[in-house]
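S.K.: This is the structure, below, for whatever I ask next.
The values are calculated or read from the model by the stated rules, or taken from the named source; none is laboratory data. Quantities reported herein were computed from a predicted structural model and do not represent experimental measurements. Every residue, glycine as well, gets a Cβ built from its backbone with ideal geometry; the counts of neighbours run over all protein chains shown.
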Amino acid sequence: MPYPRSIDSLWSGATLVTMKEGQYQLIEDGVIAVDQGKIIWIGKREALPDISAQAHHHFDGGIITPGFIDCHTHLVFGGDRSAEFEMRLNGMSYAQIAAQGGGIISTVRHTREADEEELLRSARQRLQHLLHEGVTTVEIKSGYGLDIDNEIKMLRVIRKIGELLPVEVYATCLAAHAVPPEFNGDSDRWVEVVCEQLLPRVAQEKLADAVDAFCEHLAFSPVQTEKVFSAARTLGMPVKLHAEQLSALAGSSLAAQYQALSADHLEYATDADAQAMAAANTVAVLLPGAFYLLREKQQPPVAAFRKHGVPMAVASDANPGTSPALSLRLMLNMACTLFGLTPEEALAGVTLHAAQALGIRESHGSLECGKVANFVHWPVARPAELVYWLGGQLPCTVIYQGEKRDSIF
């Protein structure tokens, strides 16, 4: 194919971990050619065609991976719940904490009290840790406002983050996260508000890229969840679902019926759920941070996902209550040690399969011609080292949309 007379940049001197088709597919002594923020050629240095570049960046060894994608977070919220964490460790039950005004209602209260500037400031501080570890794309959910104005406020903050920082941000409306305290447990009435008032406004103002819900006995039933999905479909918005975290309600099968981008958590998913997800090409998003902090015992059915060919993503689930996780690399390790993923599967879980969970697999998640030039150079010998090390920050060079991402804040 013909190439421009002079392209923007060449990147060489490292082993390329392309993650094409969700596998390492290494290219030793590789070169990436970038123009106008896209990868236009990739291969071994010896096969590089006659391309001149305005800049040539050469690394002294190491590996280059696709930019990391954190496809499930709750980074925007007010306050924190570290005091409740300590109370639980001192023997107080979740019910006792909730009776004292704690739990998700505590976060809802603090989120409602915070203005957009305060929410933006605190979310940027949390996001900074993820960006320093090679994250170039992140999904952020609402769900702590739990009324129309505050859900809209959260989604505006999420959009603002994407405008201000060198990271691609995908916004998800998770208004069906819990029942607002003022509704006194009337979940049907809140679902009606979400479907008939909130989601149409979100769609009209283009504040979200997808719609999520929490299908669980302590949140919303499959029947209520389907109402949310139906409303989202009418508005042309894709769906995803918190499913099978605490019990088996076949929420992931319901998600598959609606061609959901993903079903997330999935500790209690069944073989039938896995088959339904595979048929719908719905991604299983594994969240080891919440599994770890809640000291759960039931593991997601990884063997069934493998058997039926369900793509598995891995995410931080960064949130104030059950997964205050600010390291996606730590989640890679946990996915392997707690859930039995291989390092290759885990890395696919924060690259190609995470991209699929956001509906952007055609343009993100692997090092291939035509895809967005989001990639990371790591001074390590092999990909497994990204999963192996616990704690600390591995130094890395992040290339975001074809340009070196220097200072984040």
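S.K.: I'd like to check something: does the range 297-309 contain any residue that is out of contact with any Cys (no Cβ under 8 Å at 6 or more places or on another chain), buried (at least 22 other Cβ atoms within 10 Å of the Cβ) and under 19 Å from Ala210 (Cβ atoms)?
M.R.: No, the range 297-309 contains no residue that is out of contact with any Cys (no Cβ under 8 Å at 6 or more places or on another chain), buried (at least 22 other Cβ atoms within 10 Å of the Cβ) and under 19 Å from Ala210 (Cβ atoms).
S.K.: I've got another one for you. Take the conditions among the aromatic types (Phe, Trp, Tyr), under 30 Å from Trp389 (Cα atoms) and surrounded by fewer than 23 Cβ atoms within 10 Å (Cβ to Cβ) and apply them to Tyr258. Does it pass?
M.R.: Numbers: among the aromatic types (Phe, Trp, Tyr): yes; under 30 Å from Trp389 (Cα atoms): no; surrounded by fewer than 23 Cβ atoms within 10 Å (Cβ to Cβ): yes.
No, not satisfied.
Conditions (1) in contact with a helix residue (DSSP H, G or I) (Cβ under 9 Å, 6 or more places away or on another chain); (2) among the basic types (Lys, Arg); (3) outside the structural domain of Val138 (by TED's automatic domain parsing), marked per residue:
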position: Met331; (1), (2), (3): yes, no, no
position: Gly340; (1), (2), (3): yes, no, no
position: Pro343; (1), (2), (3): yes, no, no
position: Ala348; (1), (2), (3): yes, no, no
position: Val372; (1), (2), (3): no, no, yes
position: Ala381; (1), (2), (3): no, no, yes
position: Trp389; (1), (2), (3): yes, no, yes
position: Leu394; (1), (2), (3): yes, no, yes
position: Thr397; (1), (2), (3): no, no, yes
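S.K.: Do any strands (runs of 3 or more DSSP E) lying entirely in the range 1-110 carry at least 1 residues that are among the basic types (Lys, Arg), and which ones are they?
M.R.: Where strands (runs of 3 or more DSSP E) fall fully within the range 1-110 and carry at least 1 residues being among the basic types (Lys, Arg), they are 38-44.
S.K.: Considering only the range 141-160, I want to know if a residue exists there that is under 17 Å from Gln224 (Cβ atoms), touching a helix residue (DSSP H, G or I) at 6+ places or on another chain (Cβ under 9 Å), hydrophobic (A, V, I, L, M, F, W, C) and modelled with pLDDT of 95 or more.
M.R.: yes
S.K.: Would you say Val372 is of a type in the set (A, V, I, L, M), out of contact with any His (no Cβ under 7 Å at 6 or more places or on another chain) and closer than 22 Å to Thr18 by Cβ? Spell out the reasoning first.
M.R.: Values: of a type in the set (A, V, I, L, M): yes; out of contact with any His (no Cβ under 7 Å at 6 or more places or on another chain): no; closer than 22 Å to Thr18 by Cβ: yes.
It is false that Val372 is of a type in the set (A, V, I, L, M), out of contact with any His (no Cβ under 7 Å at 6 or more places or on another chain) and closer than 22 Å to Thr18 by Cβ.
S.K.: Then there is this: If you scan the range 177-222, which residues turn out to be buried (at least 18 other Cβ atoms within 10 Å of the Cβ) and either of a type in the set (Phe, Trp, Tyr) or assigned to a loop (DSSP other than H, G, I, E, B) (or both)?
M.R.: Of everything in the range 177-222, those that are buried (at least 18 other Cβ atoms within 10 Å of the Cβ) and either of a type in the set (Phe, Trp, Tyr) or assigned to a loop (DSSP other than H, G, I, E, B) (or both) turn out to be His177, Ala178, Val179, Pro180, Trp190, Leu207, Ala208, Asp209, Phe214, Glu216, Ala219, Phe220.
One line per residue, one yes/no per condition, for (1) more than 21 Å from Ser316 (Cβ to Cβ); (2) out of contact with any Cys (no Cβ under 6 Å at 6 or more places or on another chain); (3) hydroxyl-bearing (Ser, Thr, Tyr):
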position: Glu151; (1), (2), (3): yes, yes, no
position: Leu164; (1), (2), (3): no, yes, no
position: Tyr170; (1), (2), (3): no, yes, yes
position: Val179; (1), (2), (3): yes, yes, no
position: Ala213; (1), (2), (3): no, yes, no
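S.K.: Please verify whether the range 231-238 includes one or more residues that are crowded, with 19+ Cβ neighbours inside 10 Å, part of a helix (DSSP H, G or I), touching a Leu at 6+ places or on another chain (Cβ under 7 Å) and at pLDDT 95 or above.
M.R.: Yes: the range 231-238 contains one or more residues that are crowded, with 19+ Cβ neighbours inside 10 Å, part of a helix (DSSP H, G or I), touching a Leu at 6+ places or on another chain (Cβ under 7 Å) and at pLDDT 95 or above.
S.K.: Those residues that are of a type in the set (A, V, I, L, M, F, W, C) and surrounded by 23 or more Cβ atoms within 10 Å (Cβ to Cβ), I need them from the range 310-333; list them, please.
M.R.: Residues satisfying the conditions are Val310, Met312, Ala313, Val314, Ala315, Ala318, Ala325, Leu328, Met331, Leu332.
For every residue, the table says whether it meets (1) outside the structural domain of His132 (by TED's automatic domain parsing); (2) among the polar types (S, T, N, Q); (3) crowded, with 16+ Cβ neighbours inside 10 Å.
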{"position": "Arg45", "(1), (2), (3)": "yes, no, no"}
{"position": "Gly61", "(1), (2), (3)": "yes, no, no"}
{"position": "Val76", "(1), (2), (3)": "no, no, yes"}
{"position": "Glu84", "(1), (2), (3)": "no, no, yes"}
{"position": "Leu89", "(1), (2), (3)": "no, no, no"}
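S.K.: Kindly indicate which of Phe85, Phe77 is within 26 Å of the chain's Cα centre (by Cα) and within 14 Å of Leu294 (Cα to Cα).
M.R.: Phe85
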